[in-house]
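What follows is calculated from the coordinates using simple rules that are stated; it is not laboratory data. Computed from a prediction, not measured in an experiment: that's the story for all the values here. Cβ atoms come from the backbone with ideal geometry, glycine included; neighbour counts cover every protein chain shown.
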Amino acid sequence: MEDHIILESRILHSELTCPENAVICNGTSCVLPPDNFNRILNTVLSTVITIMLALVMFSMGCTVEVKKFWGHIKRPWGIAVGFLCQFGIMPLTAFVLSLAFDIHPVQAVVVIIMGCCPGGTGSNILAYWVDGDMDLSISMTTCSTLLALGMMPLCLFLYTKRWVDSSSIIIPYDSIGIALVSLVVPVGFGIFVNYKWPRVAKKILKIGSITGGILIVLIAVIGGVLYKGSWDIAPKLWILGTVFPAAGFVFGFFLAYLSNQTWSRCRTVSLETGMQNTQLCTTIIQLSFTPEQLSLMFTFPLIYSIFQILFAVLLLIGYRLLVYFTEDKTVNKGEETEPESHNGEINSGLELDEKPSNGI
């Protein structure tokens with residue numbers, strides 16, 4: 001019965017007309033044969049998107065310089081700020097929002113799962129477009145994914161026990177491992193290409209950055225189409241799915257600002273904090289909950305994904321407009337400016353930088 005689609009209809013003064021392919025029709029409900037189209041489509045698209053994402057991360061790796069990337073690992077000030085945001089601020093924010101909105105216990109759990117997930121690779125793509133510190137962005141994504149193996153169970157134990165036994169939540173360590181490998185290997189190749197053939201790396205980067213932008217939009221659209229039947233959810237979750245990513249972006253930016261990071265790093269930490277790995281969240285809830293519970297929670301990761309992309313795009317547009325008008329005024333005054341580098345030439349990663357006196 002779980003593999004079939006059940007169509008129910010209450011009709012006044014008329015008879016139910018069953019579809020021709022109905023297996024059972026008793027006048028009040030129809031049982032249709034299983035539809036494998038979405039399952040096949042999902043498998044095909046997942047494969048294609050995974051390959052595209054690996055190619056995009058390869059191109060993002062072409063922005064990274066070995067010396068500066070290793071500098072972030074040796075003196076991980078920016079990574080430490082990102083770690084505090086990722087596994088300190090986000091789970092706590094999820095817990096507070098769940099209490100404030102007084103949502104269903106099962107829904108509260110999925111919100112907290114989202115808050116405990118590591119950063120997603122979409123943040124690396126957006127960080128490039130807002131002139132972020134790419135060395136920091138990629139090192140943060142890598143470290144948060146690796147640390148999630150231990151931090152996710154700890155955070156879930158601390159924040160979900162109010163509503164559910166945390167031991168019932170299944171952490172897909174294999175999925176985290178696959179995500180880590182699919183991030184590290186392409187980026188590693190990209191770093192090597194940038195080291196050996198810098199000119200080739202620049203050409204790859206141009207193609208990859210455009211492809212990455214298209215991929216982000218494509219994932220959001222495909223998710224909406226595949227799960228269009230799951231949109232009937234409580235208004236509270238819509239509001240929460242809007243507020244939560246926005247809070248992540250804001251808290252990440254200001255915590256980086258308060259820790260005396262450069263503007264480039266502030267933008268990077270903001271994106272790394274607000275953009276979560278929603279695919280991992282979806283995998284966890286599919287493994288941990290019954291079909292009845294999934295009907296209450298399954299759409300939240302998709303809502304979060306859409307709004308995190310929306311806010312990131314708004315941040316990108318705002319930043320580009322600011323740069324445009326700032327450069328325009330500077331040119332009119334006859335002054336010269338030195339733009340921030342995509343790969344952190346201004347941010348060495350070896351020590352804390354002082355904040356610039358003006359401009360984001």
Cut-off under 5 Å, modelled amide H: who pairs with GLN276 long-range: GLY120
Per-residue HN-Hα couplings for region 130-146 [Karplus 6.51, -1.76, 1.60; θ = phi - 60°; Hz; x = Gly/Pro]: 9, 6, x, 7, 5, 4, 5, 4, 5, 5, 5, 4, 5, 5, 5, 5, 5
Rounded to whole Hz, the Karplus (6.51, -1.76, 1.60) HN-Hα couplings of region 243-254, x for glycine and proline: 6, 4, x, 4, 4, x, 4, 5, 4, x, 5, 6
Amide H partners (placed H, <5 Å) of VAL64, local residues excluded: none
Once the Cα gyration tensor of region 157-200 is diagonalised, semi-axes √(5λ) in Å: 40, 10, 5
Hz values of 3J(HN,Hα) by residue in region 70-81 - Karplus curve (6.51, -1.76, 1.60), Gly and Pro given as x: 5, x, 5, 6, 6, 10, x, 5, x, 5, 5, 5
Residues listed by number, region 140-169, amide nitrogen under 13 Å from LEU287 label point at 7 Å toward C-beta: 149-150, 152-153, 168-169
Theoretical gain in end-to-end length, ASP174 to ALA246 [0.36 nm per residue, Cα-Cα removed]: 23.0 nm
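At a Förster radius of 30 Å, what calculated FRET efficiency corresponds to the Cβ-Cβ distance of ARG162 and ILE317, to the nearest 0.05?
0.20
What does the extension gain come out to for ALA80 and PHE101, with contour length at 0.36 nm per residue minus their alpha carbon separation?
Full extension from ALA80 to PHE101 adds 4.5 nm.
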Where labels lie 7 Å past Cα in the beta-carbon direction, separation of VAL181 and THR47 in nm: 1.7 nm
